[in-house]
1. Which ones in the stretch 1-18 are farther than 30 Å from Thr49 by Cα and in contact (Cβ under 8 Å) with a residue 24 or more places away in the chain?
2. Could you tell me which numbered condition Ala31 fails, if it satisfies all but one of (1) surrounded by 15 or more Cβ atoms within 10 Å (Cβ to Cβ); (2) touching a Leu at 6+ places or on another chain (Cβ under 7 Å); (3) of a type outside the set (Lys, Arg)?
3. Condition first: charged (D, E, K, R) and either assigned to a loop (DSSP other than H, G, I, E, B) or within 35 Å of the chain's Cα centre (by Cα) (or both). Now tell me which residues in the stretch 243-260 satisfy that.
4. Given the condition touching a residue at least 12 places away in the same chain (Cβ under 8 Å), farther than 16 Å from Gly316 by Cβ and either surrounded by fewer than 22 Cβ atoms within 10 Å (Cβ to Cβ) or of a type in the set (Asp, Glu) (or both), answer yes or no: does some residue in the stretch 204-219 qualify?
5. Any chance you could count how many residues in the stretch 77-105 are outside any helix (DSSP H, G or I) and in contact with an Asp or Glu (Cβ under 8 Å, 6 or more places away or on another chain)?
6. Testing Ala228 on (1) outside any strand (DSSP E or B); (2) buried (at least 21 other Cβ atoms within 10 Å of the Cβ), one condition comes back false. Which one is that?
7. Just checking, how many residues over the stretch 241-287 are more than 29 Å from Gln181 (Cβ to Cβ) and surrounded by fewer than 15 Cβ atoms within 10 Å (Cβ to Cβ)?
8. Provide a single number: the residues in the stretch 304-326 that are open to solvent by less than 10 Å² (accessible area, probe 1.4 Å) and more than 11 Å from the ligand (Cβ to nearest atom).
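The values are calculated or read from the model by the stated rules, or taken from the named source; none is laboratory data. Since we're looking at a predicted model, the values are computed, not measured. Ideal geometry is used to build each Cβ from the backbone, glycine not excepted, and the neighbour counts take in all protein chains shown. Side chains included, ligands, DNA and RNA excluded: accessible areas come from the protein's heavy atoms. Shrake-Rupley method; radii C 1.70, N 1.55, O 1.52, S 1.80 Å.
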Amino acid sequence: MDDLGDLRAKYLTAVNESADEASLEALRVAAVGKKGEVALKMRELGKMTPEERQVAGPALNALKDEINAALAAKKVALADAALNARLETEWLDVTLPARGRPAGTIHPISQVTEEVTAIFADMGFAVAEGPQIETDFYNFDALNIPPHHPARQEFDTFYMHRDEADERPPHVLRTHTSPVQIRAMEKTGAPIRVIAPGRVYRSDYDITHTPMFHQVEGLAIGKDISMANLKWVLEEFVRAFFEVENVELRFRASHFPFTEPSAEVDIQCSWDNGQLKVGEGDDWMEILGSGMVHPKVLEAAGVDPNEYQGFAFGVGIDRIAMLKYGIPDLRAFFDSDLRWLRHYGFSALDMPNIHGGLSK
Ligand code: DAH
């Protein structure tokens, strides 16, 4: 059985030189498979004398084990080599310097909305929401602006197109956040304390007007909420928002269909070299509309005006953002110009809160 030595050398060399799993498998079948060379040799054992068999049997078994072990070892070695090759190509240099610029910033509108929400949350106001495509009942009628009321013309409303046969109620893009007052009162009744920030729409476009802009509505209804409470809440708000110790507010008599009495509110400010400063000097700047909610509005929302009363106000978010952060042109808010966003944007990691600071 000298040719066992040849067989051994042939297969061990072939296994060693094998470059992939498929050729290893072919070698296994050829050497130690059912019809492989070693198996053929084993068949010859039957023809041998017992003495010959005693030598040849163990030698063949040892050869079979040796080839199997070589195949297994080569298989592991090939897998290791494949993994190393892959790691080599997927290598990542984690010591490379990071990008120099933050990937994005918080838009001033989002920032100011968060600031306003934080201030009013501290005074017990929850956030309410309503649809931007609103029925003209909620946008006008329920707010004491019946059809043909002159105030409807003042709003430059976007009306939704309707086919003549369409019998659904007329819809508009909401012209203000005031309809959320009605929806919030319908939902939870009185007493209630909510703010409603959101997008509003009017057909208007110049340096201080865009067809889409933002307002925040405030509403507080209870058994004995008065104009004095309105004044305190707005003073607290303005002081916290503009981050100044003291600021005078001026309440000017005005008219809104949904409030009686109504007041427009101006803040004390100064203009030094074109630089606006809030809370000093003797100029005034109008920032919001407000008043005691009209009994008809309470009634339209299902609240009994003989039992409940309260105040409402509406502030332009974009407007107070421009004032606080010295942003001159409203239209730039919505141009998506990266240079503008990087200049006026806020860090994504600084959430405004009353105690930690609003805009720091
Ligand atoms: N809705 C008014 C507007 O868009 C703003 C406003 C004024 C809201 C007085 C109020 C309010 O809640 O009481 O011009």
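1. Once the filter is applied, which keeps residues that are farther than 30 Å from Thr49 by Cα and in contact (Cβ under 8 Å) with a residue 24 or more places away in the chain, the stretch 1-18 yields Val15, Asn16, Ser18.
2. Of everything listed in (1) surrounded by 15 or more Cβ atoms within 10 Å (Cβ to Cβ); (2) touching a Leu at 6+ places or on another chain (Cβ under 7 Å); (3) of a type outside the set (Lys, Arg), Ala31 misses just condition (2).
3. Looking only at the stretch 243-260, we keep the residues that are charged (D, E, K, R), and these are 243, 245, 248, 250, 252, 260.
Correct list: Glu243, Glu245, Glu248.
4. no
5. We begin by selecting, within the stretch 77-105, every residue outside any helix (DSSP H, G or I); these are 90-105.
Those left that are additionally in contact with an Asp or Glu (Cβ under 8 Å, 6 or more places away or on another chain): none.
Number of matching residues: 0.
6. (2)
7. Within the stretch 241-287, residues that are more than 29 Å from Gln181 (Cβ to Cβ) and surrounded by fewer than 15 Cβ atoms within 10 Å (Cβ to Cβ) number 13.
8. Within the stretch 304-326, the first condition is being open to solvent by less than 10 Å² (accessible area, probe 1.4 Å), and the residues that meet it are 310-313, 315, 317-318, 320-321.
Now narrow it down to the ones that are more than 11 Å from the ligand (Cβ to nearest atom): 317-318, 320-321.
The total comes to 4.
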